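The structure under discussion appears below in the form of structure tokens.
Where a number appears in this text, it was derived from the coordinates with a stated rule and is not lab data. Remember, predicted model here, so these are calculated numbers, not experimental data. Positions of Cβ are generated from backbone atoms using ideal geometry, with glycine treated the same way; all protein chains shown enter the neighbour counts.
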Amino acid sequence: MQAFLAQPGGTPALSDWDPPTAEPALAPVRAAALNPVDLAIGAGGFPFRPLSAGDVLGFEGVAQTGPDTHVYFSAPAPPFGSFAERVDLSGAETVELPAGVDPVAGAALGVPGIAAFLALTKAGRMQAGERVLVLGGTGSVGRLTVQLARALGAAEVAATTRGAGSAIERAGGRPVHATTADEMSTGLAGLEPFDVVVDTLWGDYAGAAVEHTARYGRFAQVGNSAGARGEIAAPDFRNRGISFIGHSNFLAASAERTAAYAEVAALLANGELEVRPDVRPLAELPQAWADAAAGRGGGKLVVCP
């Protein structure tokens, strides 16, 4: 079968691969998502999923298990991965897709949907009627966080963007232009403080966002695409009792991840969430991987073997 194989310290390659398990026992992969974590795993420095040379890359995807049955899967036991024509599901976390969710959408929803849901409900402890600010509202996690906050009953959702805000508006959010942290602060001026902040940026944006966080607000830290270091004035959060909670999907329990995926998949099936992935054949994955590694990636990428 064709598979995209890890070469720690080198460049992954799409190659013919002989699996250690007989192919009739393997499930056909219908869609697999490319995430930033895949690049970290491929580089060989990711402690939660160490791979050896020749193992299949790809952390998550959707496989077919029956004539009309598909499952979302993540973390299949090496040497298997999602970037292959077939996968062994025996060591993976799996959730059956609800009726009406196609494999491509199910794969695109996975990692960012789980992160968005747990950041809001576990780290952020969001309650209906609260106000939510999303730092990085146009990334994969940010777009789903805006939609989820609305679906979970947020009174208002604002989200930062460096470009047009149409996607945020379509999701029911208020776009806040933020090419810099100062521009974000200007855009937030006059708005009521936010009860929950979901941050995928960090850098200079975190300190600026704290100034617009309500007393006893919760700051869920998910990513740092704007920089791993940022400065926050201690009185700004201490005197308002603001809590900072880090979120990583890998630190959640397996049951929490699968339950989160089931929740967001049900919302997707009901039309309350939307994903718009860029779909490519498996043969184009090497170039897409190189583009993502060089920072040239566009939207959420899903490959179909």
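For the chain, which DSSP H helices look membrane-span-like by this rule: Cα extent along the axis of 18 Å or more and mean Kyte-Doolittle of at least 0.0? Write down the numbers at each step before the final one.
Numbers: long enough: 103-118 (22 Å, 1.74); 254-269 (22 Å, 0.63).
Helix filter hits for the chain: 103-118, 254-269.
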Between exposed trypsin sites (Lys or Arg not before Pro) in the chain, where DSSP calls loop and at most 16 other Cβ atoms lie within 10 Å, what's the longest gap? 1-124
Fewest Cβ neighbours within 10 Å first, please rank HIS177, HIS212 accordingly. HIS177, HIS212
Roughly what % antiparallel, to the nearest 5, for the DSSP beta bridges in the chain? 50 percent
Got a sec? How would ILE41, ILE245 order by Cβ neighbour count within 10 Å, fewest to most? ILE245, ILE41
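To the nearest 20 Debye, how big is the dipole of the range 115-250 about its Cα centre, given +1 on the beta carbon of each Lys and Arg and -1 on that of each Asp and Glu?
Details: 13 positive and 12 negative charges, 86 e Å.
Computed about the Cα centre, the dipole is about 420 debye.
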Looking at [x] 19.6, 63; [y] 25.1, 106; [z] 20.6, 67, which value of Rg and Dmax of the Cα atoms in Å comes from a calculation on the structure shown? [x]
Cβ-based net charge around VAL303, under 10 Å, with every Lys or Arg adding one and every Asp or Glu removing one: -1
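Only counting other Cβ atoms within 10 Å, I'd like MET1, MET184 sorted with the fewest neighbours first. Intermediate results must be reported in sequence, preceding the final value.
Values: MET1 17, MET184 24.
By the 10 Å Cβ count, ascending: MET1, MET184.
Compute the FRET efficiency between ARG49 and ALA266 as 1/(1 + (r/R0)^6), taking r as their Cβ-Cβ distance and R0 = 25 Å, and round to the nearest 0.05.
Numbers: r = 27 Å, r/R0 = 1.09.
Step by step, r from the Cβ atoms, then E = 0.35.
Around GLY54, with a cut-off of 13 angstrom between Cβ atoms, what is the net charge of the other residues, counting Lys and Arg +1 and Asp and Glu -1? Walk me through the numbers before you get to the answer.
On the way: positive: none; negative: ASP16, ASP18, ASP55.
With Lys, Arg at +1 and Asp, Glu at -1, the neighbours total -3.
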